[in-house]
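The structure under discussion appears below in the form of structure tokens.
Just so it is clear, none of the values below were taken in a lab; they were calculated from the coordinates. Not measured: the values here are computed from a predicted model. Because the Cβ atoms are built from the backbone with ideal geometry, glycine has one as well, and the counts that use them run over all protein chains shown.
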Amino acid sequence: MLLNYLNEAAASGDAKKLIRYVRLHFGDGNEENGRKEIDKAWIEALKIMLDVPETKREFILETLAEKDAATLAHLFFHLHFYFVRRSGEWIHDGEL
Amino acid sequence: MANSKENDSRQLRPGLWTTVNERYPGAMITKTDFVPLAELKKPLSESRLTFVSTAGVQSKNSVPFDTVHPISDYTFRPVPSDSKPLDLEIHQLKYPTVGAKRDLNVIFPIERLQELAKEKIIGGLTKNFFSFIGYNMDVERLEQTLAEDIADAVEVEMPDAALLAPA
């Protein structure tokens with residue numbers, strides 16, 4: 001079962017297996033697409049920051065300080081899809 | 001199985017199933033236990049039907065399925081069986097929803113079932129149908145938690161028959 005496979009990879013420190021799964025998840029089963037999707041999300045986030053816009057940094061710091069790691073990890077996955085969608089290039093068959 | 005090339009030619013994504021274990025390592029499992037289908041105890045025209053779907057269809061006022069989670073969402077949503085397609089929406093990343101957005105019935109045939117009940121071809125519908133998302137990486141949780149939760153909810157509705165449909 002896949003979760004067991006991932007747990008074993010995490011326990012043995014097999015980063016290749018873990019990042020491969022992340023890419024597969026973001027690429028709907030296509031590792032190369034997933035790699036591009038990760039790049040796409042970061043590029044979109046960077047583009048927004050280029051003008052050094054005002055941001056709610058207090059909110060960010062409070063969130064990082066007060067929320068548990070699982071919630072932040074979950075947010076991290078949400079943010080990936082948020083920026084991918086914002087890029088306007090949606091490769092997925094379905095919707096969030 | 002028929003000629004694999006012939007099958008591939010009819011698939012939107014040729015080789016999808018033969019490569020699933022490569023794309024999602026360990027995802028293909030084999031079940032050796034056998035659960036026989038229950039026999040229908042009364043005519044279909046007297047039977048109350050429920051519907052369980054992996055389509056990720058839900059009422060617009062319910063919390064969206066967690067489609068971003070890497071291990072998936074192990075919750076389900078009751079969908080009132082008298083809903084109109086406009087009352088419903090799809091939250092599911094992993095199958096093409098273009099056709100279903102034009103006509104929800106292609107993936108979640110709620111109006112067809114309502115018609116069958118109205119025409120007395122089936123005896124009636126349970127108050128609720130049930131929906132979840134089928135992209136699940138934790139098969140044990142799927143079987144021991146989600147499936148059990150859905151089974152409990154279905155049982156409350158006292159159906160005589162259940163239509164199970166993947167997306």
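Database remark: amide H of B:F129 closer than 5 angstrom to the amide H of B:V79, B:S81 (H placed geometrically; neighbours at sequence offset of 5 or more, or on other chains; Pro and chain starts carry no H). Scanning residues 5 or more positions from A:G27 or on other chains, those with amide H under 5 Å from its amide H are A:G34, with H placed 1.01 Å from N in the peptide plane. For B:I122, nonlocal amide neighbours, meaning residues 5 or more places apart or on other chains whose placed amide H falls under 5 Å from its own, are B:A117. Annotation for A:S12 and B:N21: the two label points, set 7 Å from Cα along the Cα-Cβ direction, are 1.7 nm apart.
Sites count as exposed loop sites when they are GluC sites (Glu not before Pro), lie in a DSSP loop, and have at most 14 other Cβ atoms within 10 angstrom; the longest stretch of chain B without one is B:40-118. In order along segment B:115-132, the Karplus-derived 3J(HN,Hα) couplings, from 6.51 cos²θ - 1.76 cosθ + 1.60 at θ = phi - 60°, round to 5, 4, 5, 4, 7, 6, 6, 10, x, x, 10, 5, 4, 10, 9, 9, 9, 8 Hz, and Gly and Pro are given as x.
Relative to the longest principal axis of the Cα atoms of chain B, the long axis of helix B:147-156 makes an angle of roughly 10 degrees. Using only the alpha carbon atoms of chain A, find the Kirkwood hydrodynamic radius as the inverse mean reciprocal pair distance, in angstroms to one decimal. Hydrodynamic radius (Kirkwood, Cα only) of chain A equals 15.2 Å.
Computed over the Cα atoms of segment B:20-167, the ratio of the radius of gyration to the Kirkwood radius (Rg/Rh) comes to 0.97.
Among A:F81, B:F65, a tally of other beta-carbon atoms within 10 Å of each Cβ gives an order, fewest to most, of A:F81, B:F65.
Taking the alpha carbon gyration tensor of the protein assembly as shown, multiplying each eigenvalue by 5 and rooting it gives semi-axes of 37, 23, 19 Å, largest first. Take the alpha-carbon centre of segment B:100-167, take the same for segment A:48-93, and report the distance between them in whole Å. Using only Cα atoms, the two centres lie 35 Å from each other.
Taking a Cβ cut-off of under 13 Å around B:E89, the surrounding Lys, Arg, Asp and Glu residues balance to a net charge of +2, with basic ones at +1 and acidic ones at -1. From its DSSP helices (H runs of at least four residues, each -39,500 (n - 2.57)), chain B gives a residue-normalised ellipticity at 222 nm of -5000 deg cm²/dmol. Mean residue ellipticity at 222 nm, helices only, chain A: -23500 deg cm²/dmol; runs of at least 4 DSSP H residues each add -39,500 (n - 2.57), and the sum is divided by the number of residues.
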